[in-house]
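Structure first, then comments.
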Amino acid sequence: TEACLGAIDAAGALNAFVHKTPELAMERAAAADARIARGDAPAMCGLPIGIKDLFCTKGVASQAGSRILQGFLPEYESTVSQKLADAGAVMLGKLNMDEFAMGSSNETSVYGDAVNPWRRGNETTPLTPGGSSGGSAAAVAGDLCLAATGTDTGGSIRQPAAFTGTVGIKPTYGRCSRWGIVAFASSLDQAGPMTKTVRDAAIMLGAMAGHDPKDSTSADLAVPDFEAALSGDIKGKKIGIPKEYRMEGMPQEIETLWSDGIAMMKDAGAEIVDISLPHTKYALPAYYVIAPAEASSNLARYDGVRYGHRAKLEQGDGITEMYEKTRAEGFGPEVQRRVMIGTYVLSAGFYDAYYNRARRVRTLIKRDFETVFDQGIDAILTPATPSAAFGLGEMTDADPVAMYLNDVFTVTVNLAGLPGIAVPTGLDKQGLPLGLQLIGRPWGEADLLCAAHALE
Ligand code: GLN
């Protein structure tokens, strides 16, 4: 814990930790030492970790990367961060992220950009660690902590993991409780671990997962011993390669990464099967209707009364002016864009044309996966991202849709509620990490981690 706190101070330029809790960390580390001395050390006893700013942590600033939550000190702890504390993990502080987890580059954060510890060759251009869990990825890759929590609504664990050479798993929807995690799009959000290795991910997921009566969508299922599942044996497993993920204009190095991954799995004894997920091309548009719709509803609670920031009002301002001024000041441009899109697609005249249609598309995407799993496919192998990490600022002036394209390989998994993992499997020409994604059956995290371990 001391070494990590020192590393965090030395690596201020990464802007990964945005609220540090050194006293609390030293207290928890001492308690962990005492447990170890007593011989009752739980799975993560004494391991220093970072918590994404989206998780409510009791008495510790929890701003979701937004100005509107400035000054908000939760009176309760999220179930996931509580479970990690119960497992002995030591929280070092809160991690940078895109505002309300909306973004793919950590550039929408009120705290400013988080920076990727990796560089292109000898260049000094700072690169994005990805988003929205950018601070988590930068902190793990930069050795500021042993592991971190992330959340993934459309790829926010897997894309930053791929950009930083770390491992990130988005569990099956319902595997981890969402209680106490600031909501973005409730039917898509899931928490998961971001770690250096698949083994670490298995251990940490075991500590985070489990039924929680406080989240009605949390599944009442036993949590398997994920670490025990890492046999490394994938002989005879059927790995599906979906042809729709071979996107037009896909960079050669991503193609090569993918075929190298296929070869690795074949060498390990897996059977490679070409499959089709025909509705893949509709996933991104459906996601960018459903996610903003749910976000516009979830974000209605930030009214200047209940949490955090309230705008200064003038004589004669009423409640409407208070809402308007507070929300105009408190939300950044990307969040405002999503609230407007969401409100539009949910409005009376457009609900059927957009929101209901997107929900139907979502069902078709889910069925695509069910069909291939029914045919005996154990896991699906795809690239995690369409490129390696890009430069900070390189995409900010572009059309927002260009940024949304980062999620092209990841959003299908959230729409279908499936588990997905990003594993670092190679470097590009400039020495930047690249990752592959494995998609598993519902509740099949143990098998998925086992297959991912074979790719390491
Ligand atoms: N990049 C996607 C978005 O902006 C996904 C974000 C996430 O998974 N939280 O919505």
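The values are calculated or read from the model by the stated rules, or taken from the named source; none is laboratory data. Just so you know, these numbers come straight off a predicted model, no measurement behind them. Here the Cβ is made from the backbone with ideal geometry for all residues, glycine too, and neighbour counts use every protein chain on show.
So how many residues does the stretch 365-387 have that are in a helix (DSSP H, G or I) and farther than 21 Å from Leu405 by Cβ? Number of matching residues: 8. Among the residues making up the stretch 386-413, a single one is acidic (Asp, Glu), away from the ligand (no atom under 12 Å from the Cβ) and under 17 Å from Gly134 (Cβ atoms): Glu394. Quick check, is Ile239 touching a strand residue (DSSP E or B) at 6+ places or on another chain (Cβ under 8 Å) and either farther than 21 Å from Phe373 by Cβ or hydroxyl-bearing (Ser, Thr, Tyr) (or both)? Spelling it out, it is not the case that Ile239 is touching a strand residue (DSSP E or B) at 6+ places or on another chain (Cβ under 8 Å) and either farther than 21 Å from Phe373 by Cβ or hydroxyl-bearing (Ser, Thr, Tyr) (or both).
For His279, only one of the following conditions fails: (1) more than 25 Å from the chain's Cα centre (by Cα); (2) more than 30 Å from Asp317 (Cβ to Cβ). What is its number? Failing condition for His279: (1). Out of the residues in the stretch 165-181 meeting the condition of being over 20 Å from Trp443 (Cβ atoms) and under 13 Å from the mean Cα position of the chain (by Cα), tell me which one is nearest to the ligand (Cβ to nearest atom). My answer is Ile181.
Screening Lys237 on (1) within 22 Å of the chain's Cα centre (by Cα); (2) touching a residue at least 40 places away in the same chain (Cβ under 8 Å) shows it passes everything except condition (1). Among the residues of the stretch 310-362, count how many are surrounded by 15 or more Cβ atoms within 10 Å (Cβ to Cβ), part of a helix (DSSP H, G or I) and among the aromatic types (Phe, Trp, Tyr). Number satisfying all stated conditions: 4. Given the criterion more than 25 Å from Val60 (Cβ to Cβ), in contact (Cβ under 8 Å) with a residue 60 or more places away in the chain and within 16 Å of the ligand (Cβ to nearest atom), identify the matching residue among Ala229, Ala162, Ala219, Ala185. Answer to the check: Ala162.
Can Ala446 be described as of a type in the set (A, V, I, L, M), away from the ligand (no atom under 16 Å from the Cβ), out of contact with any helix residue (DSSP H, G or I) (no Cβ under 6 Å at 6 or more places or on another chain) and under 24 Å from Pro171 (Cα atoms)? For Ala446, the condition - of a type in the set (A, V, I, L, M), away from the ligand (no atom under 16 Å from the Cβ), out of contact with any helix residue (DSSP H, G or I) (no Cβ under 6 Å at 6 or more places or on another chain) and under 24 Å from Pro171 (Cα atoms) - is not met.
Filtered by the rule that a residue be in a loop (DSSP other than H, G, I, E, B), out of contact with any strand residue (DSSP E or B) (no Cβ under 6 Å at 6 or more places or on another chain), under 22 Å from Gly391 (Cβ atoms) and within 13 Å of the ligand (Cβ to nearest atom), the stretch 130-153 gives Gly130, Gly131, Ser132.
If only residues of the stretch 113-160 that are β-branched (Val, Ile, Thr) and over 14 Å from the mean Cα position of the chain (by Cα) are counted, the one that is nearest to Ala7 (Cα to Cα) is Val115. No other residue among Ala13, Ala61, Ala31 is without any contact (Cβ under 8 Å) to a residue 12 or more places away in the chain and surrounded by fewer than 24 Cβ atoms within 10 Å (Cβ to Cβ) apart from Ala31.
Take the residues in the stretch 274-308 that are at pLDDT 95 or above and outside any helix (DSSP H, G or I), then tell me which one is surrounded by the fewest Cβ atoms within 10 Å (Cβ to Cβ). Applying the filter and picking the extreme gives Asp274. Return a yes/no flag: does the stretch 112-127 have any residue that is within 16 Å of the ligand (Cβ to nearest atom) and hydroxyl-bearing (Ser, Thr, Tyr). Within the stretch 112-127, none of the residues are within 16 Å of the ligand (Cβ to nearest atom) and hydroxyl-bearing (Ser, Thr, Tyr).
Scanning for something among the aliphatic types (A, V, I, L, M), within 16 Å of the ligand (Cβ to nearest atom), assigned to a helix (DSSP H, G or I) and more than 18 Å from Gly165 (Cβ to Cβ), does the stretch 416-439 turn up at least one residue? Checking the stretch 416-439: at least one residue is among the aliphatic types (A, V, I, L, M), within 16 Å of the ligand (Cβ to nearest atom), assigned to a helix (DSSP H, G or I) and more than 18 Å from Gly165 (Cβ to Cβ). Taking Ile68 as the residue in question, decide whether it is outside any loop (DSSP other than H, G, I, E, B), over 15 Å from Lys52 (Cα atoms) and touching a helix residue (DSSP H, G or I) at 6+ places or on another chain (Cβ under 6 Å). Yes, satisfied. Looking across the stretch 1-44, just one residue is over 19 Å from Met204 (Cβ atoms), in a loop (DSSP other than H, G, I, E, B), among the small types (Gly, Ala, Ser) and more than 26 Å from the chain's Cα centre (by Cα), and that is Gly39. A search for C-beta distances below 7 Å between a residue of the stretch 400-422 that is closer than 15 Å to Ala101 by Cα and among the polar types (S, T, N, Q) and any residue that is near the ligand (Cβ under 8 Å from one of its atoms) and assigned to a strand (DSSP E or B), counting only pairs 6+ apart in sequence or on different chains, returns Asn414/Asp152.
Being β-branched (Val, Ile, Thr) and under 18 Å from Gly135 (Cα atoms) is not true of Ile203. In the set (1) outside any helix (DSSP H, G or I); (2) surrounded by 16 or more Cβ atoms within 10 Å (Cβ to Cβ); (3) not acidic (Asp, Glu), the condition left unmet by Pro213 is number (2).
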